[in-house]
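Down below is the structure, laid out as structure tokens.
The values are calculated or read from the model by the stated rules, or taken from the named source; none is laboratory data. As the structure is a prediction and not an experimental result, all values here were calculated from the model. So basically every Cβ, Gly included, is an ideal-geometry build from the backbone, and we count neighbours across all protein chains shown.
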Amino acid sequence: MKMNINIKKVGLIALGISVMACKNDATAPKVEYTAEEIAAESEKLNNWFQAQFEESVANSPMTQTYIGDKTDYDKWDDFSKEEEAREHERNQNRLAYIKDSVNVDALDDATGLSYKLSKQSLEDAIADYEYRLYNYPVNQMFGTHSQIPAFMINMHQVSNKEDAEAYVSRLSKLQPVFDEVIKGLKERESAGILPPKFVFPRVIESSQNVIKGQPFDNSENESTLLADFIRKVNALEISDEEKNTLIDNAKKALINAVKPAYEALIAVLEDQQARATTDHGVWKFPSGDKYYNIALQRTTTTDMTADEIHQLGLDEVARIHKEMNAIKDKVGFKGTLQEFMKFMKEDKQFYYEDSDAGRDAYMNDATKMIDSMKGRLDELFITKPKADMIVKRVEAFREKSAGKAFYQQPALDGSRPGTYYANMYDMEAMPSYQMEALAYHEGIPGHHMQIAIAQELEDLPMFRKLGGYTAYVEGWGLYSEFIPKEMGFYSDPYSDFGRLAMELWRACRLVVDTGIHAKKWTRDQGIKYYTDNTPNAESDAVKMVERHIVMASQATAYKIGMIKILELRENAKEKLGDKFDIREFHDVVLTNGAVPLNVLEEMVDEWVASK
């Protein structure tokens, strides 16, 4: 799972949106433009894109930090509904400009695509403003309560005394941020948008964990944020007196600002918890069915209905079960597929030891897998990222509620590598036979190749470098689990079974997401579907179903995106025969940034025609 950088206000970045072709009046006479006119109009629009991006970044100190800019290093974003309204107005003005002030016919091909993508993203963002409250800004998967400490630990680098002072300043300014989040939670409840009951104890516990330890209490251990700050300050080449002053100031900010901010949030969550229900799907929202259909369109960049996606999932589950049966027979297992899954789920040979040594062994082996794939990239890619990628364990403060694995993109300036995070909280959820597929998806050749390459493209506007379409991004991640099999990886049949188990998991997502949000399945029904049809641990199933519940439609993107990429590849192979080059195909897929699936199809068709 690619974890987006939570840019709230980069106006031309819209995650998981669909795009439709712009239609010109067929009766209008076609005007021919000179190369100079096309270059001038394209430059004008690209300059405008850059100006809008810079305006959005200027309005978002957190985005500045994510991309390595320290301009407002001591500030937070504005989380208020007033800022949401201002952004809505900015989007309306932007859309009016590109409709009224751009000669679309005089754009070069690359800029024409940027125009089409930005126009549709703006139209969707404006239309979706109606549903701006239809989310859970604080939940067990993500939210301000966990984003803030993760942001400070992983994003706020401390290279000098001024950076450390900015860290303290950010801590001291946290309470107004939480005040706005709390207002948003209350506004949502008034509108009938309240998280289901299971969310509250998870979020409350995570919030309480942030304010445990020194200086919040007299325990021996330092709190998560204080420990991070001390570690970063102690690495600076400044005097001990300066270090002590900085640490003392951080302690004061933690006690006077961070603690009351979290306590206020916890109080509101405890109050809302009493009114929460066990209705889990977005069908419970006002116009929830309409909202879910829109969410599916945005996520998949297709017009597939909930029923069509549900049936696709059922069909894919049946196909993958058939392939798993073949592996079961190959290894000589006597019994049903369900019994083989139970064996894979329970046999200790497939799990690392639930200890520090076992966790270290897992991380070391995951790193070796990534390093091995790094040495084979020339077989798959012409364009490769300059940014490095590391493997890292999910931090202790958030590992209980975080997903089993995810990717964090590198900084634009190269100051921070891409990171594949593995969650070591529950070792039974991290079987050895799924290690390869997980590492390839989150790391190389998966998210790191797609995202880092996009960020480093020189001729694209920033909104395309940093933008994301979930079906494209996660479709590439799942496709990247399959590519290594064609290269001779997954030589162990159990590991190949693990690859299929990962694909099966994504097929089940199509069934369960639509089941919960369109067919009114309960949380328990969703969990049972996973445990009945996959070899994954029950804890995996619980986390996945709870993710479906708070992120409606998101999990449908993986399988739909993978199917489209494979379909495009097979069509290209069939048409090109010996002229087909997998490296060229991947270049077409990866060197235009993230795009909707229908646009990806157009680009592949153009490449095939050119050969």
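Laid out as a table, the results:
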quantity: Segment 175-197 residues that are aliphatic (A, V, I, L, M), paired with ones that are exposed (fewer than 15 other Cβ atoms within 10 Å of the Cβ) (beta carbon under 7 Å, 6 or more apart); calculated: L194/R275
quantity: Verdict on E89 being charged (D, E, K, R) and either over 22 Å from K465 (Cβ atoms) or crowded, with 19+ Cβ neighbours inside 10 Å (or both); calculated: yes
quantity: Subset of segment 473-510 that is surrounded by fewer than 24 Cβ atoms within 10 Å (Cβ to Cβ) and among the polar types (S, T, N, Q) - its residue that is farthest from the chain's Cα centre (by Cα); calculated: S491
quantity: Filter result (in contact with a Gly (Cβ under 7 Å, 6 or more places away or on another chain) and closer than 13 Å to H280 by Cβ) within segment 502-524; calculated: V512, G515, I516, H517, K520, W521
quantity: Test: V203 is of a type outside the set (S, T, Y) and within 23 Å of the chain's Cα centre (by Cα); calculated: yes
quantity: Residues of segment 20-39 satisfying the condition of being at pLDDT below 95 and surrounded by 11 or more Cβ atoms within 10 Å (Cβ to Cβ); calculated: M20, C22, Y33
quantity: Restricting segment 352-386 to residues that are touching an Asp or Glu at 6+ places or on another chain (Cβ under 7 Å) and part of a loop (DSSP other than H, G, I, E, B), the residue that is nearest to A437 (Cα to Cα); calculated: P385
quantity: Filter result for the condition that a residue is under 30 Å from L226 (Cα atoms) and surrounded by 21 or more Cβ atoms within 10 Å (Cβ to Cβ), over N139, N154; calculated: N139
quantity: Close pairs from segment 363-385: first assigned by TED's automatic domain parsing to the domain that holds Y351, partner of a type in the set (F, W, Y) and assigned to a helix (DSSP H, G or I), Cβ under 8 Å, at least 6 apart; calculated: M369/Y440; M373/Y440
quantity: Test: residue in segment 401-419 that is of a type in the set (K, R) and touching a Leu at 6+ places or on another chain (Cβ under 9 Å); calculated: yes
quantity: Search result, residues across segment 99-142 that are touching a Pro at 6+ places or on another chain (Cβ under 7 Å) and not assigned by TED's automatic domain parsing to the domain that holds L45; calculated: Y136, N139
quantity: Matching option when the condition is in contact with a helix residue (DSSP H, G or I) (Cβ under 9 Å, 6 or more places away or on another chain) and surrounded by fewer than 17 Cβ atoms within 10 Å (Cβ to Cβ), among D360, D354, D347, D371; calculated: D354
quantity: Qualifying residue in segment 183-199 (condition: of a type in the set (S, T, Y), in a helix (DSSP H, G or I) and touching a Pro at 6+ places or on another chain (Cβ under 7 Å)); calculated: no
quantity: Residues being within 17 Å of R275 (Cβ to Cβ) and loosely packed, with under 15 Cβ neighbours inside 10 Å - total across segment 178-209; calculated: 6
quantity: Top-ranked residue of segment 40-64 - restricted to ones that are surrounded by fewer than 18 Cβ atoms within 10 Å (Cβ to Cβ) and among the polar types (S, T, N, Q), ranked as modelled with the highest pLDDT; calculated: N47
quantity: Test: residue in segment 228-235 that is out of contact with any Gly (no Cβ under 6 Å at 6 or more places or on another chain), free of Cβ contacts under 8 Å to residues at least 40 places away in the same chain and under 30 Å from H280 (Cβ atoms); calculated: no
quantity: Elements of type helices (runs of 4 or more DSSP H) in segment 483-578, at least 3 residues being of a type in the set (K, R) and in the same structural domain as E308 (by TED's automatic domain parsing); calculated: 493-518
